[in-house]
Amino acid sequence: MLETFLNAKPLFYDEIDYSRMPRVYNSIKKYLKLPKIIHLVGTNGKGTTGRFLSSALFSLGFKTGHYTSPHIIHFNERVWLNGKNISTALLNSSHVELLTYLSKEDADALSYFEYTTLLAMLVYKDVDYLVLEAGLGGEFDATAVFTNILTLVTPIDIDHEAFLGTTINEIAATKLNAVQKHAILAKQKHLDVYEVTKKLEKKKKALFVSLDFYLDENDQKNIKKISKENSLAPYLENNLSLAIAALKYLQIEYSVDSFTNSRLFGRLSQISENILLDVGHNVLAASSITQSLKGFKYTLVYNSYKDKNYKEILRVLQPIIKDVEIITIEDKRGESIKIMQQTLDDLGIKNKKFQKTRDDKNYLVFGSFSVAEAFLKGRSE
């Protein structure tokens, strides 16, 4: 039912009507009951930060939702409710309800992400806290129309330039304009991000605070314990720190046990003894992975969308790459095997087309959700 409806909508758009989501939301908001919303914006780490925070809130007795995107295999991965992905039955019943509030014209016009965001708000009507992750944007993102109590800002870097801008200053401004009253910033790679926050504090009268403001010596010890017990890579530890800063802002007491089983799949996940999988797909993610896996060599299973700076991504990953096996992805945005091979040849990286894994090699599957999907579906066939 929902699946058929969504399949009629494209996942990606060359142009987006930014006036549509606010207009449609205003027309149906009387039917929606909003929980306390924590909004997540940034380039990298939104998913893991959100899952750390939502898992902790749920373990501490709060009814909690986490809306994240995209999904790897099943759409249900996007709508996490009280410790698990939503059931298909609840998705379909919420879909039927939402259609009764929308005109047919609006239901048809809403983008895939806009519609599913409104759908999630129906699902989450009875939760205490909702961790709401922006898609690729900030100010004009579908998630930005809802009143929130806090914004969490993960590291901001160059990505989605066609929609967000070509400089860090432009991208940061677009993302940070989503902040309503109070924001906690993760440690940023680019100083331009901090300059943008200073301007926005005056313009929006919003408060931007570093996560270190909330973390004391005991929190730092807890972060190290949680990281050790959950075998977190260094970059995941940074996301955990932002989640704990949010709990401190909300004045919610936590313990090390609050984060048991809080890792989000696809973030440097060990899927077998010799295979790691990560859905990172930009230069910042590649840099984090290279730092985490320093000293080891892997066969990289990889492909990329045409609009990604994949030559720079591969250059950053090169210290941990033994060779590359190029996987085919079923997406019109994907780069051709031929061009990817030429890029790898230019970098002096040994490469071939991916067929299947072997037990005597160590693999890093990295690239995007489409790469992860293609790899995992191939393993299950």
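General observations
- Residues in the stretch 243-268 that are small (Gly, Ala, Ser) and closer than 23 Å to ASN222 by Cβ: ALA243, ALA245, ALA246, SER255, SER258, SER262.
- Within the stretch 261-299, restricting attention to residues that are charged (D, E, K, R) and modelled with pLDDT under 95, the residue that is farthest from ILE72 (Cα to Cα) is LYS294.
- Consider the stretch 325-335 and keep the residues that are aliphatic (A, V, I, L, M) and either part of a loop (DSSP other than H, G, I, E, B) or over 25 Å from the mean Cα position of the chain (by Cα) (or both). The one that is farthest from ALA374 (Cα to Cα) is ILE327.
- Screening ILE223, ILE252, ILE244 for residues that are closer than 18 Å to GLU133 by Cα and either touching a residue at least 40 places away in the same chain (Cβ under 8 Å) or touching a Leu at 6+ places or on another chain (Cβ under 7 Å) (or both) leaves exactly one candidate, ILE244.
- So GLU3, is it at pLDDT below 90 and more than 21 Å from the chain's Cα centre (by Cα): no
- The single condition from (1) more than 27 Å from LYS175 (Cβ to Cβ); (2) buried (at least 19 other Cβ atoms within 10 Å of the Cβ); (3) not assigned by TED's automatic domain parsing to the domain that holds ARG358 that LYS221 fails is (2).
- Filtering the stretch 294-351 to residues that are in contact (Cβ under 8 Å) with a residue 12 or more places away in the chain and either outside the structural domain of ASN282 (by TED's automatic domain parsing) or hydroxyl-bearing (Ser, Thr, Tyr) (or both) leaves TYR298, THR299, TYR302, SER304, TYR305, TYR310, THR328, THR343.
- Applying the condition of being hydroxyl-bearing (Ser, Thr, Tyr) and surrounded by fewer than 21 Cβ atoms within 10 Å (Cβ to Cβ) to the stretch 234-257 and asking which residue is nearest to PHE208 (Cα to Cα) yields TYR249.
- Any hit, the stretch 145-167, residues being at pLDDT 95 or above, part of a helix (DSSP H, G or I) and either on the phi < 0 side of the Ramachandran plot or surrounded by fewer than 23 Cβ atoms within 10 Å (Cβ to Cβ) (or both): yes
- Where strands (runs of 3 or more DSSP E) fall wholly inside the stretch 59-139, no range has 1 or more residues that are surrounded by fewer than 16 Cβ atoms within 10 Å (Cβ to Cβ) and under 16 Å from the mean Cα position of the chain (by Cα).
- For the stretch 290-298, the count of residues that are in a loop (DSSP other than H, G, I, E, B) and small (Gly, Ala, Ser) is nonzero.
- The stretch 350-370: number of residues that are within 11 Å of GLU325 (Cβ to Cβ) and part of a loop (DSSP other than H, G, I, E, B): 7
The values are calculated or read from the model by the stated rules, or taken from the named source; none is laboratory data. In this text, all values refer to a predicted model and were calculated from it rather than measured experimentally. Positions of Cβ are generated from backbone atoms using ideal geometry, with glycine treated the same way; all protein chains shown enter the neighbour counts.
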